[in-house]
Amino acid sequence: MAISFTTICFYLFSAILVFAGLRVITARNPVHAVLYLVLAFFTSGMIWMLMQAEFLAIAIILIYVGAVMVLFLFVVMMLDINVEKMREGFWRYLPVGLVVATIMVAEMAMVLNGRYFRLESLPAPQAVDVAYSNAQNLARVIFTDYAYPFELASLILLVAMIAAVALTYRRREGIRRIDPSAQIAVKAKDRLVIHSIPAEKEEIVAESTGDVAK
């Protein structure tokens, strides 16, 4: 049985994705974990590209790798997380983590064993028109059937961005800051101050005339 180049790429990218996912949760350095997560997202985009889902591949690379993960990386680096202090409570939170992980695995098993994921229940592949567009159909589904979940996801991302800014905001002494409220409260007449300076032209002329006479 001949193995195609696409199949080789799929298994190669899948192996890299599994390795990157494991390193995300096993890396000791938080910055290294974020970088491995970037690799996992990028590899997922390559797998979607192999599945001819170009829009999703480009979206995960531009949005998650190019924006979200860069934001996470900056947050992790600016927070200066004390890894040793975090490890002190590992065994204390381990039982709760195991319970949550067990529930997640059970839910995934229930979904994957459902009738929607059985091979015999899948319809036969149909011929696709040459003018078929994944992006157009995906946009139609997102902004019609899933409009509210899409807006909710954007709201969650907005809250995450505000939380990241709030966590990294620290007051430091010796740094000049701009107060927007004070700038707005300034009136036009307070911005320009005209001082009346008496003319000294006659005195200057008299002094210069006296110097010439001398």
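The values are calculated or read from the model by the stated rules, or taken from the named source; none is laboratory data. Only a predicted model underlies this, so the values are computations on that prediction, with no experimental measurement involved. Backbone-built Cβ (ideal geometry, glycine too); neighbour counts: all protein chains shown.
Residues of the range 14-30 that are of a type in the set (Val, Ile, Thr) and either exposed (fewer than 13 other Cβ atoms within 10 Å of the Cβ) or assigned to a loop (DSSP other than H, G, I, E, B) (or both): Val18, Ile25, Thr26. With respect to Tyr11, determine if the residue is out of contact with any helix residue (DSSP H, G or I) (no Cβ under 8 Å at 6 or more places or on another chain), loosely packed, with under 14 Cβ neighbours inside 10 Å, modelled with pLDDT under 80 and among the hydroxyl-bearing types (Ser, Thr, Tyr). Answer is no for this residue. Taken as a whole, the structure places Leu50 among residues that are modelled with pLDDT of 85 or more, surrounded by fewer than 16 Cβ atoms within 10 Å (Cβ to Cβ) and either out of contact with any strand residue (DSSP E or B) (no Cβ under 8 Å at 6 or more places or on another chain) or among the acidic types (Asp, Glu) (or both).
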